[in-house]
Protein chains: 2
Amino acid sequence: MTYCVGIQVNTGLVFASDSRTNAGVDNIGTFSKMHPFVKEGEVMLVLLSSGNLATSQSVVSRLQKDIKNTAAEQSLFKAADFSEACAYVGEVSRGVQKQHAGEDQQNSVNVGATFILGGQIGQERPKLALIYPQGNYLLATAETPFFQIGELKYGKTILDRIVEPSLSLEDAARCALVSLDSTSRSNVGVGPPFEVLMYRRDSLRIEQRFKYDLETDYYQRLRQAWAENLRTAFYGLPRFDWERDD
Amino acid sequence: MTYCVGIQVNTGLVFASDSRTNAGVDNIGTFSKMHPFVKEGEVMLVLLSSGNLATSQSVVSRLQKDIKNTAAEQSLFKAADFSEACAYVGEVSRGVQKQHAGEDQQNSVNVGATFILGGQIGQERPKLALIYPQGNYLLATAETPFFQIGELKYGKTILDRIVEPSLSLEDAARCALVSLDSTSRSNVGVGPPFEVLMYRRDSLRIEQRFKYDLETDYYQRLRQAWAENLRTAFYGLPRFDWERDD
C-alpha cells in the first residue's frame with residue numbers, strides 16, 4: 001500500500017508521503033513516493049505517486065529524461081502553465097500503462113497509477129491536482145483543499161476536521177503527519193519513513209523537506225503528544241445522563 | 001454502506017450501528033441493523049448486520065421464526081452455548097445466500113452478508129464474534145476486543161487508540177459513537193440514526209438501548225465536544241523547531 005496527501009492552503013502547499021511498498025505481506029520494500037522537480041525561480045513541482053510501482057517509477061524516470069533532453073517536445077520545465085504540466089504527466093502515465101498492459105494481457109496485474117501533482121509555475125498561483133490513471137485530473141479548490149492517494153480512509157477524518165485554506169503551512173504539515181501516523185497505526189501497509197515537503201507561495205523553491213522515521217526526535221514527540229492529546233480529548237467528552245459527574 | 005461495531009470489555013459488551021442503506025446514491029434508505037434476541041435471565045444476544053440487505057433481513061426473519069417455532073430443531077434460544085449460536089447463524093446465512101445466489105446467476109449482485117454476534121448465554125462469560133459470509137466466525141480476545149463490519153476504516157483509528165478490556169461500558173459506548181460520528185462525517189454512505197446498546201455482564205438483559213439522531217441532545221453535545229476537543233488536541237501538538245513558541 002501507499003498513503004500520500006497534498007494540501008493546498010492560502011500560503012502554499014504541503015506534500016506528505018509514506019515509503020512502504022508491498023506486493024503481498026512477504027514482499028515489503030521501501031521506496032520514496034515524493035518526487036520534486038525544481039528549477040529555482042521558475043518552476044517548483046512535486047509529484048506524489050501511488051498504485052503500480054513499476055508504472056510510477058517509469059513515469060518519474062520519463063519526466064526526468066524529458067527535462068534533461070533539451071530536444072524533448074514537452075517537459076515539466078517547458079510547461080506553459082500548471083494545466084499543461086498535469087496533462088503532460090497524465091499522457092506520460094497513460095503511455096507507460098498502455099505499454100505494460102499490452103505485454104501483460106495473460107495476467108491480471110493492475111498497472112494503473114494515480115498521482116498528486118502540485119506546485120507553481122512562474123507567476124501563476126500554486127495549484128494542486130489529482131491525476132487519475134486515465135490521464136485526466138482534478139484541481140483542488142477552497143472547498144476541497146486536499147487530495148489523498150492510496151490507503152486514504154484511516155487518515156481522512158482528521159484532514160476533514162482540520163484542513164481549511166487559512167491553515168498555516170506548519171499546521172498543514174503537522175496535520176499531514178498526524179494523518180500519516182494514524183494510518184500507519186491502523187494499516188501495516190503504510191509505514192515510515194514519512195516525507196514532508198513544504199512550499200511557500202511565490203518562493204519558487206522548496207521551503208522545507210524532512211524525512212521522519214520512528215527514531216526522529218520531532219516525530220517521536222508528535223506521535224506521543226497526539227496519542228496523549230487524543231486520550232484527553234476522548235476522556236473530556238460529556239457523560240451520559242445517568243453517569244455521575246465525578 | 002453500513003457501519004457497525006461491537007466492543008467487548010471486562011464488564012460487558014457494547015453494540016453500535018448506523019441506519020443508512022444505499023444501492024447507489026439515488027436509492028438511500030433507513031433500516032435498523034441492530035437485532036436483539038433476549039430471553040431475560042437466560043439468553044441475551046445481539047446481531048449486527050452488513051452486506052446485502054435482502055440477505056440480512058431474511059437471516060433475521062429466519063432467526064425470529066425459529067425462536068417462535070417450538071418445533072424448530074435449532075434456534076438462538078436453544079443454543080447450548082455461544083459457539084453453537086454462532087455456527088447456527090452462519091448456517092442460516094449460508095442457506096439464505098445460496099438460495100438467492102442460485103436465482104441470480106445472470107447478475108453479478110453480491111448477496112453476501114457479514115454479521116457481528118455478541119451476548120451471553122446462561123453462565124458463560126459474554127462473547128463477541130464476527131461471522132463471515134462463508135458461515136465461519138472469529139471470537140474477540142483481549143488483544144482484539146472489537147469487531148467492525150461495513151465501512152470500517154474511517155472509524156478504526158479512534159477504536160485502535162482507546163478500546164481496551166479495562167474500559168468502562170460507558171466509555172466503550174462513547175468511543176463507538178465517536179467512531180460512528182467520524183465515519184458519517186467522511187462518508188455519506190453511513191448516517192444516523194445511530195443505535196447503541198449496552199450489555200452488562202451476567203445481567204442477561206439489555207442494560208441501555210438508545211437511538212441518536214442529529215437532533216438528540218446528548219449526541220449533539222458529544223459531536224460538538226469531540227470536534228472542539230480534537231481541535232484542541234491538534235493545536236496543542238509540539239511545534240517544528242523553527243517555529244516561534246508563541
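The values are calculated or read from the model by the stated rules, or taken from the named source; none is laboratory data. Please read these numbers as outputs of a predicted model, since none were measured by experiment. Glycine also receives a Cβ, built like all others from the backbone with ideal geometry; neighbour counts cover every protein chain displayed. What goes into the accessible areas is simple: the full protein's heavy atoms, side chains included, and nothing from ligands, DNA or RNA. Shrake-Rupley method; radii C 1.70, N 1.55, O 1.52, S 1.80 Å.
From the residues A:C4, A:L63, A:A225, which one has its Cα farthest along the dipole of chain A in the positive direction, the dipole being from +1 and -1 charges on Cβ of Lys/Arg and Asp/Glu about the Cα centre?
It is A:L63, whose Cα lies furthest towards the positive end.
How big is the dipole moment of the range A:3-235 about its Cα centre under a simple scheme where the beta carbon of each Lys and Arg is +1, that of each Asp and Glu is -1, and everything else is neutral? Debye, nearest 20, please.
Computed charge dipole of the range A:3-235: roughly 80 debye.
Who wins for biggest fluctuation among A:T141, A:T21, A:T216 in a Gaussian network model of chain A, springs between alpha carbons below 10 Å?
Of A:T141, A:T21, A:T216, the most mobile in the Gaussian network model is A:T216.
Taking only Cα atoms, what is the 0 to 90° angle, nearest 10, from helix A:53-68's long axis to the longest principal axis of chain A?
So the helix axis and the longest Cα principal axis differ by about 60 degrees.
May I ask you to derive the relative contact order of the range A:44-118, considering only C-alpha pairs under 8 Å and at least 6 residues apart, and to give it as an integer percent?
Result for the range A:44-118 is 54 percent.
Here is the link list: A:K39/A:K127; B:K98/B:K153; A:K33/A:K127. Which ones come out longer than 25 Å on Cα distance?
B:K98/B:K153
Counting Lys and Arg as +1 and Asp and Glu as -1, each charge on the Cβ, what is the dipole of the protein assembly as shown about the Cα centre in debye, to the nearest 20?
So the magnitude is around 400 debye.
Could you pull the copy-to-copy label distances for B:N27, with points set 7 Å along Cα to Cβ, in nm to one decimal and sorted shortest first?
Reported distances to equivalent positions: 3.8 nm.
Kindly report, to the nearest 10 Å², the accessible surface of A:L48 as traced by a 1.4 Å probe over protein heavy atoms only.
A:L48 has an accessible surface of roughly 0 Å² with all protein chains in place.
Among the aspartates and glutamates, select those whose C-alpha is under 18 Å from the C-alpha of A:K68, and discard any that sit fewer than 8 residues away in the same chain.
Once the sequence-local aspartates and glutamates are set aside, what remains near A:K68 is A:E40, A:E42.
Report, in whole Å, the centroid distance computed from the Cα atoms of the range A:198-246 and the range A:138-155.
A separation of 19 Å, based on Cα centres.
At 1.4 Å probe size, with no ligands or nucleic acids counted, give the accessible surface of B:S56 in Å², nearest ten.
Here the accessible area works out near 10 Å².
As I understand it, the value is the acute angle between the Cα axis of helix A:82-102 and the longest principal axis of the Cα atoms of chain A; what does it come to in degrees, rounded to 10?
Computed tilt is about 80 degrees.
Run through the other copies and list how far each one's label point is from that of A:E243, in nm with one decimal, shortest first; the point sits 7 Å from Cα along Cα-Cβ.
The projected label point of A:E243 is separated from its counterparts by 3.0 nm.
Find out how many positive minus negative residues lie around B:G29, taking Lys and Arg as positive, Asp and Glu as negative, among other residues whose Cβ is under 13 Å from that of B:G29.
0
Inter-copy label distances at B:N69, 7 Å along the Cα→beta-carbon direction, one decimal in nm, shortest first?
Those label-point separations list as 7.2 nm.
Which residues does a label at B:E73 reach in the range B:123-161, if reach means a backbone N under 19 Å from a point 7 Å past the Cα toward the Cβ?
Answer for this model: B:135-136.
Would you tell me the mean number of C-beta atoms belonging to other protein chains that fall within 10 Å of each C-beta in B:150-158, as a whole number?
6
Pick from B:V188, B:V38, B:V59: which residue has the top mean-square fluctuation in a GNM of chain B where Cα pairs under 10 Å get a spring?
The residue with the greatest mean-square fluctuation here is B:V188.
Starting at the first residue of the range A:118-127, write each ³J(HN,Hα) from the Karplus equation 6.51 cos²θ - 1.76 cosθ + 1.60 with θ = phi - 60°, in whole Hz, x for Gly and Pro.
x, x, 9, 10, x, 8, 4, 6, x, 9
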